[in-house]
There are 2 protein chains.
Amino acid sequence: MNGEANGIELPTSVGYLLKEAATALRVAMEAVLRPLGMSVTHYSCLELLAQRPGLSNSELARGAFVTRQSMNVLLQTLEREGQVTRPQQPSAGRVLPTELTAEGRALLAQASAAVRGVEDRMKAGLAPDEQKVFADQLRRCITSLTEG
Amino acid sequence: MNGEANGIELPTSVGYLLKEAATALRVAMEAVLRPLGMSVTHYSCLELLAQRPGLSNSELARGAFVTRQSMNVLLQTLEREGQVTRPQQPSAGRVLPTELTAEGRALLAQASAAVRGVEDRMKAGLAPDEQKVFADQLRRCITSLTEG
DNA sequence: CCATTCATGTCAGTATTCTGACATACTGGA
DNA sequence: TCCAGTATGTCAGAATACTGACATGAATGG
């Protein structure tokens with residue numbers, strides 16, 4: 001206990017709780033993805049490609065919340081391992097549209113199931129209608145932080 | 001970049017939104033802390049020490065969601081710069097209780113004000129009673145993820 | 001038409017964090 | 001008492017992500 005009136009009570013601040021929840025989610029995802037030899041960014045990349053085939057390196061980077069340089073390193077590895085394919089030459093501009101291979105899809109299927117389990121566990125304490133409210137509140141937080 | 005009206009929905013899972021919100025918060029905090037020469041972990045460390053003077057390196061690491069090795073590196077820097085103090089010898093066990101200096105407190109005061117502005121902006125779209133619900137839902141998510 | 005601006009892919013170097021390892025110190029039970 | 005288990009601080013190396021920079025291509029506006 002102290003009388004620091006100007007400080008922020010960390011354990012009860014929404015920002016701290018948000019970081020704590022995101023960290024817990026990341027740790028839980030790493031735990032289930034490690035047996036598959038995948039990182040969270042690796043999984044995010046494959047999941048994004050499954051939903052939106054042909055995404056560019058930069059678009060994947062934004063979707064996975066890393067820099068395009070980091071995503072580029074990952075894509076080179078995944079291409080070498082045969083999980084994704086990129087054309088040797090850009091068809092238009094500098095963009096190299098990326099797509100999943102059959103092997104990539106197979107790996108993703110395992111990872112998706114594992115991650116779905118984590119997400120279900122996370123949402124276990126939220127009633128179905130609460131989940132909608134929760135998602136909506138998260139979106140509003142994102143909007144408020146991004147618009148300025 | 002091509003338009004976003006492709007008909008393909010952006011990821012809408014709660015887990016993805018949680019990561020997106022946490023990333024937006026981190027970016028916003030980095031933006032306001034950079035002019036003060038502080039990182040988010042640096043700020044978290046000082047804020048924790050203000051609320052709970054005498055925390056050990058390991059306890060600070062857990063509170064800031066980094067490893068104790070990373071926190072140790074930070075504490076050595078902060079001690080050299082005069083923002084925190086640690087006894088040369090442990091009084092009991094191996095624990096070295098850390099405390100803020102006057103300089104550390106002054107820096108924290110500026111940082112707290114800046115971070116409070118970010119948090120207020122994030123919560124701007126949430127009604128006061130919604131904020132309580134939101135925090136409670138975050139706590140339930142943390143509990144569900146941590147108990148497994 | 002050309003210049004400016006922006007976005008992309010990529011290379012290089014830097015910075016930060018993590019994992020592994022070790023010695024030390026407390027704790028709880030046999 | 002002794003011992004296994006746990007926790008701490010710290011050193012060293014590895015992994016990861018970032019910032020800076022450059023050339024190229026597209027889009028925009030004068």
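The values are calculated or read from the model by the stated rules, or taken from the named source; none is laboratory data. Predicted, not measured: the structure shown is a model, and the values here were computed from it. Note that each Cβ is placed from the backbone with ideal geometry, even for glycine, and that neighbours are counted across all protein chains shown. Only protein heavy atoms, including side chains, enter the accessible area calculation; ligands, DNA and RNA are left aside. Shrake-Rupley method; radii C 1.70, N 1.55, O 1.52, S 1.80 Å.
Taking the conditions exactly as written (in contact with a strand residue (DSSP E or B) (Cβ under 9 Å, 6 or more places away or on another chain), more than 30 Å from B:Arg139 (Cα to Cα) and not in a helix (DSSP H, G or I)), does A:Pro87 satisfy them or not? Walk me through how you get there before you give the answer.
Numbers: in contact with a strand residue (DSSP E or B) (Cβ under 9 Å, 6 or more places away or on another chain): no; more than 30 Å from B:Arg139 (Cα to Cα): yes; not in a helix (DSSP H, G or I): yes.
For A:Pro87, the condition - in contact with a strand residue (DSSP E or B) (Cβ under 9 Å, 6 or more places away or on another chain), more than 30 Å from B:Arg139 (Cα to Cα) and not in a helix (DSSP H, G or I) - is not met.
Can you pull out the residues in the stretch B:34-52 that are more than 12 Å from every other protein chain (Cβ to nearest Cβ) and within 12 Å of DNA strand C (Cβ to nearest atom)?
Filtering the stretch B:34-52 for residues more than 12 Å from every other protein chain (Cβ to nearest Cβ) gives B:34-39, B:42.
Passing the criteria: B:Arg34, B:Gly37, B:Met38, B:Ser39, B:His42.
Being surrounded by 19 or more Cβ atoms within 10 Å (Cβ to Cβ) and not in a loop (DSSP other than H, G, I, E, B) is the filter; apply it to the stretch A:97-106 and report the residue that is nearest to the other protein chains (Cβ to nearest Cβ). Show your work before the answer.
Taking the stretch A:97-106 as the starting set, the residues that turn out to be surrounded by 19 or more Cβ atoms within 10 Å (Cβ to Cβ) are A:98, A:100, A:104.
Filter again for not in a loop (DSSP other than H, G, I, E, B), leaving A:100, A:104.
On the way: A:Leu100: 15, A:Gly104: 18 Å.
Looking at residues that are surrounded by 19 or more Cβ atoms within 10 Å (Cβ to Cβ) and not in a loop (DSSP other than H, G, I, E, B), I get A:Leu100.
So, of the residues in the stretch B:47-66 that are of a type outside the set (A, V, I, L, M), without any contact (Cβ under 8 Å) to a residue 12 or more places away in the chain and within 13 Å of DNA strand D (Cβ to nearest atom), which turns out to be farthest from B:Val118 (Cα to Cα)?
Among them, the one singled out is B:Glu59.
Test B:Arg94 against the stated conditions and say whether it is within 16 Å of DNA strand D (Cβ to nearest atom), under 22 Å from B:Cys45 (Cβ atoms) and either open to solvent by 50 Å² or more (accessible area, probe 1.4 Å) or more than 7 Å from every other protein chain (Cβ to nearest Cβ) (or both).
Values: within 16 Å of DNA strand D (Cβ to nearest atom): yes; under 22 Å from B:Cys45 (Cβ atoms): yes; either open to solvent by 50 Å² or more (accessible area, probe 1.4 Å) or more than 7 Å from every other protein chain (Cβ to nearest Cβ) (or both): yes.
Considered against the rule, which asks whether it is within 16 Å of DNA strand D (Cβ to nearest atom), under 22 Å from B:Cys45 (Cβ atoms) and either open to solvent by 50 Å² or more (accessible area, probe 1.4 Å) or more than 7 Å from every other protein chain (Cβ to nearest Cβ) (or both), B:Arg94 comes out as yes.
Out of all the residues in the stretch A:107-117, is one or more part of a strand (DSSP E or B), within 16 Å of DNA strand D (Cβ to nearest atom) and open to solvent by less than 30 Å² (accessible area, probe 1.4 Å)?
There is no residue in the stretch A:107-117 that is part of a strand (DSSP E or B), within 16 Å of DNA strand D (Cβ to nearest atom) and open to solvent by less than 30 Å² (accessible area, probe 1.4 Å).
Out of the residues in the stretch B:67-91 that are within 7 Å of DNA strand D (Cβ to nearest atom) and in contact with a helix residue (DSSP H, G or I) (Cβ under 7 Å, 6 or more places away or on another chain), state the one that is nearest to the other protein chains (Cβ to nearest Cβ).
Of everything passing the filter in the stretch B:67-91, B:Arg68 is nearest to the other protein chains (Cβ to nearest Cβ).
Going residue by residue through the stretch A:6-20, is there one that turns out to be within 12 Å of another protein chain (Cβ to nearest Cβ), in a helix (DSSP H, G or I), of a type outside the set (Phe, Trp, Tyr) and within 13 Å of DNA strand C (Cβ to nearest atom)?
Of all residues in the stretch A:6-20, those within 12 Å of another protein chain (Cβ to nearest Cβ) come to A:6-20.
Next, only the ones that are in a helix (DSSP H, G or I) stay: A:10-12, A:14-20.
Narrowing further to those that are of a type outside the set (Phe, Trp, Tyr): A:10-12, A:14-15, A:17-20.
Retained after the next criterion (residues that are within 13 Å of DNA strand C (Cβ to nearest atom)): A:19.
Yes, the conditions are met somewhere in the stretch A:6-20.
Please go through the stretch A:34-46 and pick out each residue that is away from DNA strand D (no atom under 12 Å from the Cβ) and open to solvent by 40 Å² or more (accessible area, probe 1.4 Å).
Going through the stretch A:34-46, the residues away from DNA strand D (no atom under 12 Å from the Cβ) turn out to be A:35-36, A:46.
The answer is A:Pro35, A:Leu36.
Against the condition within 9 Å of chain B (Cβ to nearest Cβ), surrounded by 18 or more Cβ atoms within 10 Å (Cβ to Cβ) and under 21 Å from A:Glu20 (Cβ atoms), how does A:Gln131 come out, does it pass? Give the derivation first.
Values: within 9 Å of chain B (Cβ to nearest Cβ): yes; surrounded by 18 or more Cβ atoms within 10 Å (Cβ to Cβ): no; under 21 Å from A:Glu20 (Cβ atoms): yes.
Criteria not met by A:Gln131.
Do any residues in the stretch A:112-123 that are farther than 15 Å from A:Arg34 by Cα have Cβ atoms under 8 Å from those of residues that are of a type in the set (Val, Ile, Thr) and open to solvent by less than 20 Å² (accessible area, probe 1.4 Å), where the two are at least six apart or on different chains, and which pairs are they?
Filtered contacts from the stretch A:112-123: A:Glu119/B:Val14; A:Met122/B:Val14; A:Lys123/B:Val14.
From the residues in the stretch A:53-78 that are more than 12 Å from DNA strand C (Cβ to nearest atom) and within 19 Å of B:Val14 (Cα to Cα), which one is most open to solvent (accessible area, probe 1.4 Å)?
Only one residue tops the list, namely A:Phe65.
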